[in-house]
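The values are calculated or read from the model by the stated rules, or taken from the named source; none is laboratory data. Not measured: the values here are computed from a predicted model. Positions of Cβ are backbone-derived with ideal geometry, glycine not excepted, and every protein chain shown enters the neighbour counts. These accessible areas exclude ligands, DNA and RNA; they are computed on the full protein's heavy atoms, side chains included. Shrake-Rupley method; radii C 1.70, N 1.55, O 1.52, S 1.80 Å.
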Amino acid sequence: MKPEPFALLPRLLRRTLLLGAVLGAVPAQAQLRVPSLNIPLPQSLGAIDTETLRGSGTRLLATADVRALGELRLLQVGDLLRRHRDVLEPDPRGEPIVRSQILAWSPSAASLRAAEAAGLMVIKVSTLDGLDETIVVLGVPTGTSTSAMLEKLRALDPGGQYDFNHVYTASAAWPMEPAAPAESSAPPARAARGAVRVGLLDGGVADHHPVFREAALTRWGCDGKLIPDAHGTAVAALMVGRSSRFRGVAPGAELYTADVYCGSPAGGSAERIAAALGWLAKQQVAVINVSLVGPPNQTLERAVGAMVRRGHLLVAAVGNDGPAAAPLYPASYPGVVGVSGVDRDGRPLPEAARGPQVMFAAPGNQMVSAALGSPPYRVVRGTSFASPIVAAMLAGQLGMPEPLAARQAISTLTRQATGAPANGVSNMIGYGVIGVAFRVDPSSFR
């Protein structure tokens, strides 16, 4: 039997208390502040219970903190739901959804009549030009349960595809310390369009950052406005960034970046992600990084499946909810390249997800990427930052979406991978670890 919509909140409260107990010895000024979901990285956690690595000053979470880290996404979800009750609500599992909205995937005229008969109204139609599909956002009448209306609609139209408008969150973990003082900042000078193209579906990329001074960026979303996001900027830098002290995997590539958040609490919704995928499909961008995680969703599954069938490679972070956690999506959908993270010694991050959805692992800890503000670089941790390394490596192998070429690109990367068991695939690192040479060590900034 499904729990009631708010059944998860007491469990979230218990986990909050557990996290408080773990961090109980922290001075008041350094206590944990749960970040908003689409701004996943605060500057520093302060003096929590940590281990200091060999003379570098870099901090590694201790065992107790890693257990708490596996709860962080649920804590963030609870915080988001409390702060934005006007636009968000929990689904029956406690996952965030846009309040009073149901998504219909390419509904027929009969399906729309069934929705109208149920009392729903069409509030938005998203045309996915690159996928030849549409998403209709249906509004639930005031005072009516979204969950109850979804069940009613599915009963009225069993052949239709309906689901909540779930909200997806960044797959980042706690950062360590700021890495370096600021570099001089100059207006970005756009480079010529590169032969290699790669896509990014995330928050807004701060293209004025020094690492993007010579980058070629094409943006989508937010009605043309740039709304810089810490997570999106850090992920993009790992793909195409370059400065005097930093180098991403493919600094000569053209980055097609879709902002699915735009600073909104309802950002990162299944409808926005699917619309962004449609744009990237229309642009014929073959490889796309998605460092976002959340629950299964029929609309997102349909959009991902359409991309995979056309020969796109979607590379997605598997998440940081811990090795025993349920699979997160889109990384767990068939055909998606799920990526986990390892530390500088090649050991899987203890908070990273495990399972058959893991295809590769890449550096995801004890590494530096771009940050907003000053200092402009930060030590980052999480599967969010392993996934873009794999995506940028694949982009060099796949110029246009094509199913056979996509399989060949995966095979090429598999031959480069190390650490997997002979004649087998590991639930921790998949076919093995790749991209080790692209980890920018914090020691290089000291």
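List of remarks:
- Residue in region 377-385 that is of a type outside the set (A, V, I, L, M, F, W, C), surrounded by fewer than 24 Cβ atoms within 10 Å (Cβ to Cβ) and more than 17 Å from the chain's Cα centre (by Cα) present: no
- The criterion of being touching a residue at least 60 places away in the same chain (Cβ under 8 Å), of a type in the set (D, E, K, R) and open to solvent by 10 Å² or more (accessible area, probe 1.4 Å) does not hold for Arg272.
- The conditions of being more than 15 Å from the chain's Cα centre (by Cα), modelled with pLDDT under 95 and surrounded by fewer than 24 Cβ atoms within 10 Å (Cβ to Cβ) are met by Ser374.
- Tallying residues that are surrounded by fewer than 19 Cβ atoms within 10 Å (Cβ to Cβ) and modelled with pLDDT of 95 or more within region 159-168 yields 1.
- When region 123-161 is filtered for residues that are more than 30 Å from Gln284 (Cβ to Cβ) and either of a type in the set (Asp, Glu) or part of a strand (DSSP E or B) (or both), the ones remaining, listed by number, are Ile123, Leu138, Gly139, Glu151, Asp157.
- Those residues of region 229-268 which are in contact with a Leu (Cβ under 9 Å, 6 or more places away or on another chain) and either more than 24 Å from Pro363 (Cβ to Cβ) or of a type in the set (Ser, Thr, Tyr) (or both), in sequence order: Thr233, Tyr256, Thr257, Ala258, Asp259, Val260, Tyr261, Pro265, Ala266, Gly267, Gly268
Residue-by-condition table, conditions (1) open to solvent by less than 10 Å² (accessible area, probe 1.4 Å); (2) not in a loop (DSSP other than H, G, I, E, B):
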site	(1), (2)
Ala352	yes, no
Pro356	no, no
Met359	no, yes
Val368	yes, yes
Met393	no, yes
Pro401	no, no
Leu404	no, yes
Ala437	no, yes
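- Within region 296-306, considering residues that are surrounded by fewer than 24 Cβ atoms within 10 Å (Cβ to Cβ) and out of contact with any strand residue (DSSP E or B) (no Cβ under 6 Å at 6 or more places or on another chain), the one nearest to Val167 (Cα to Cα): Glu301
- Verdict on Pro92 being in contact with a helix residue (DSSP H, G or I) (Cβ under 6 Å, 6 or more places away or on another chain), in a loop (DSSP other than H, G, I, E, B) and open to solvent by 10 Å² or more (accessible area, probe 1.4 Å): yes
- Gln357 vs. criteria polar (S, T, N, Q) and in contact (Cβ under 8 Å) with a residue 24 or more places away in the chain: yes
- Counting the residues of region 418-436 that are more than 23 Å from the chain's Cα centre (by Cα) and within 26 Å of Gly319 (Cβ to Cβ) gives 6.
- Checked against the criterion of being at pLDDT 95 or above and not hydroxyl-bearing (Ser, Thr, Tyr), the candidates Arg381, Arg309, Arg344 yield just one match: Arg309.
- Pick from region 107-146, criterion out of contact with any Gly (no Cβ under 8 Å at 6 or more places or on another chain) and under 26 Å from Met400 (Cα atoms), ranking: surrounded by the fewest Cβ atoms within 10 Å (Cβ to Cβ): Asp132
- Taking the criterion of being open to solvent by 30 Å² or more (accessible area, probe 1.4 Å) and either outside any loop (DSSP other than H, G, I, E, B) or not assigned by the TED database to the domain that holds Ser291 (or both), the residues of region 406-426 that qualify are Arg407, Gln408, Ser411, Thr412, Thr414, Arg415, Gln416, Thr418.
- Residues that are at pLDDT 50 or above, open to solvent by 10 Å² or more (accessible area, probe 1.4 Å), in contact with a helix residue (DSSP H, G or I) (Cβ under 9 Å, 6 or more places away or on another chain) and over 30 Å from Arg93 (Cα atoms) do occur in region 198-208.
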